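Right, one structure below, let's go through it.
The values are calculated or read from the model by the stated rules, or taken from the named source; none is laboratory data. The structure presented is a predicted model; accordingly, all values stated were derived computationally and were not measured. Methodologically, a virtual Cβ is constructed for each residue, glycine included, from the backbone with ideal geometry; neighbour enumeration extends over all protein chains shown. Quick note on the areas: whole protein, heavy atoms, side chains included, nothing else; ligands and nucleic acids left out. Shrake-Rupley method; radii C 1.70, N 1.55, O 1.52, S 1.80 Å.
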Amino acid sequence: GEDVEQSLFLSVREGDSSVINCTYTDSSSTYLYWYKQEPGAGLQLLTYIFSNMDMKQDQRLTVLLNKKDKHLSLRIADTQTGDSAIYFCASGGATNKLIFGTGTLLAVQP
Amino acid sequence: DSGVTQTPKHLITATGQRVTLRCSPRSGDLSVYWYQQSLDQGLQFLIQYYNGEERAKGNILERFSAQQFPDLHSELNLSSLELGDSALYFCASSGSVTGGSGNTIYFGEGSWLTVV
């Protein structure tokens, strides 16, 4: 069945770059998304990438997509303590139904 | 602010009861989605409506039902509640069923349901 996998935890120092990785199984995924969830809060859409793109950059965020390996990554440059949160990768197909990963807890050390 | 509004934000109810969660999508969005987030299951897709009609169904229990009204707001009805139904229920919306900029899917803040 459809599945999205992420590592559970990442710890970085403030000012470093963070790279959060994700793999998915659904080859019909049309869009791939990154959402951020802060404690007790909702899901904030950070960025998304269309499946025919390799890379998308948006300010401090860079998304890389390797469609052959079904691998997606989110790089956060100059990571700040305010970036501490859970980051969810999600794949979306024809119906827009999203399959979410387990989420990666990003801890930024001052 | 995503533009998706959910009420209530928090709800505590007893087992066996029924509750209704309400969602107003972003202005102009035709699709509404419901998701459940729990510690053991993670984020699970429940159901999708597009312009009033059901379009996709996920892991939604028979005790749960949803509808989308002509003004495009949606309600998720949860009945015969069990302790395991305690979760954060998200509503999301997008502009179209498939393709193009309609694939930007925005989530509300969620409704915290605690069943005691």
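Numerical summary
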quantity: Along each principal axis, Cα extent of chain B, largest first, Å; calculated: 42, 28, 27
quantity: Computed over the protein assembly as shown, Kirkwood Rh from alpha-carbon pairs, angstrom; calculated: 17.9 Å
quantity: Computed E for B:Q44/A:Q80 - FRET, C-beta separation, R0 41 angstrom, nearest 0.05; calculated: 0.85
quantity: Extension reserve of the B:N59-B:R22 stretch, reckoned as 0.36 nm per residue once the Cα distance is removed; calculated: 11.4 nm
quantity: Alpha carbon convex hull of chain A, volume per residue in cubic angstrom; calculated: 94 Å³
quantity: Residue-averaged beta-carbon neighbours from other chains (10 angstrom radius) around A:38-46; calculated: 5
quantity: Cβ charges +1 (Lys, Arg) and -1 (Asp, Glu), total dipole of the range A:10-82, debye; calculated: 160 debye
quantity: In the B-A interface, the accessible area buried, summed over both sides, Å² (probe 1.4 Å); calculated: 1600 Å²
quantity: Positions from the range A:82-110 whose accessible area shrinks by 10 Å² or more when the full protein complex is built, not the chain alone, probe 1.4 Å; calculated: A:F88, A:A94, A:T95, A:N96, A:K97, A:L98, A:F100
